[in-house]
Amino acid sequence: LFCRVGAWIAGGRGRLWLGLDSPHSPAKSAHRIGRAYNDEEGWTAAFTLNALSHVNDITGTDFDTADWRHVAEYDAASTSVLTHVEARRAVVLSVPAEGGGRRELRRFAAGERVFVEQSRKFSEEETRRLAEAAGLRLSRSWASDDYLIAELVRGSA
């Protein structure tokens with residue numbers, strides 16, 4: 001879908017530049033990718049748990065971030081980091097009830113996970129394939145062990 005939008009944006013003579021994370025390779029281990037989403041300072045965990053506060057603000061739920069922990073794991077098969085929040089204990093989630101008070105929405109068992117995000121990693125070959133499927137062509141690219149910058153234009157190779 002993103003590449004289809006890109007095809008529309010790029011138009012006849014336009015260019016679309018994408019910055020992409022590279023997947024694991026001999027130069028970039030799966031462990032290294034996983035560490036990037038589990039930083040020692042806890043910034044990524046704080047970001048993930050902050051999403052629960054936003055859900056509370058929008059829906060009126062009562063997620064308590066102290067009841068949840070950030071879990072991010074690299075899945076080599078899908079070349080993506082899968083991020084969840086995991087209940088630290090049994091949790092009862094509630095929402096405002098009609099007429100006041102609260103009503104139970106759902107129970108979570110200790111260790112139960114809720115999916116938050118999937119952060120895909122793309123090789124140059126996969127980027128080329130996805131672009132071509134959307135009517136775009138990878139015209140130039142710049143790569144390191146960590147990143148790929150891809151310039152996409154309209155049309156086939």
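The values are calculated or read from the model by the stated rules, or taken from the named source; none is laboratory data. Only a predicted model underlies this, so the values are computations on that prediction, with no experimental measurement involved. Note that we place each Cβ from the backbone using ideal geometry, even for glycine, and neighbour counts take in every protein chain shown. With ligands, DNA and RNA removed, areas are computed over all heavy atoms of the protein, side chains included. Shrake-Rupley method; radii C 1.70, N 1.55, O 1.52, S 1.80 Å.
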- Are any residues in the stretch 49-97 free of Cβ contacts under 8 Å to residues at least 12 places away in the same chain and under 30 Å from E125 (Cβ atoms), and if so, which ones? D75, A77
- Message: Condition check: under 30 Å from L138 (Cβ atoms), in contact (Cβ under 8 Å) with a residue 60 or more places away in the chain and surrounded by fewer than 15 Cβ atoms within 10 Å (Cβ to Cβ). Does S25 satisfy that?
- Response: yes
- Note on the structure: Checking A97, A143 in turn, the sole residue that is of a type in the set (A, V, I, L, M), open to solvent by 70 Å² or more (accessible area, probe 1.4 Å) and over 13 Å from the mean Cα position of the chain (by Cα) turns out to be A143
- Item | Residue ID - surrounded by the fewest Cβ atoms within 10 Å (Cβ to Cβ), chosen from residues in the stretch 45-83 that are part of a helix (DSSP H, G or I) and charged (D, E, K, R) | D57
- Cβ-Cβ under 9 Å pairs, at least 6 apart or on other chains, the stretch 135-157 side at positive phi, far side open to solvent by 40 Å² or more (accessible area, probe 1.4 Å) and polar (S, T, N, Q): G135/S156
- Number of the exception - E40 against (1) modelled with pLDDT of 95 or more; (2) exposed (fewer than 13 other Cβ atoms within 10 Å of the Cβ); (3) among the acidic types (D, E): (1)
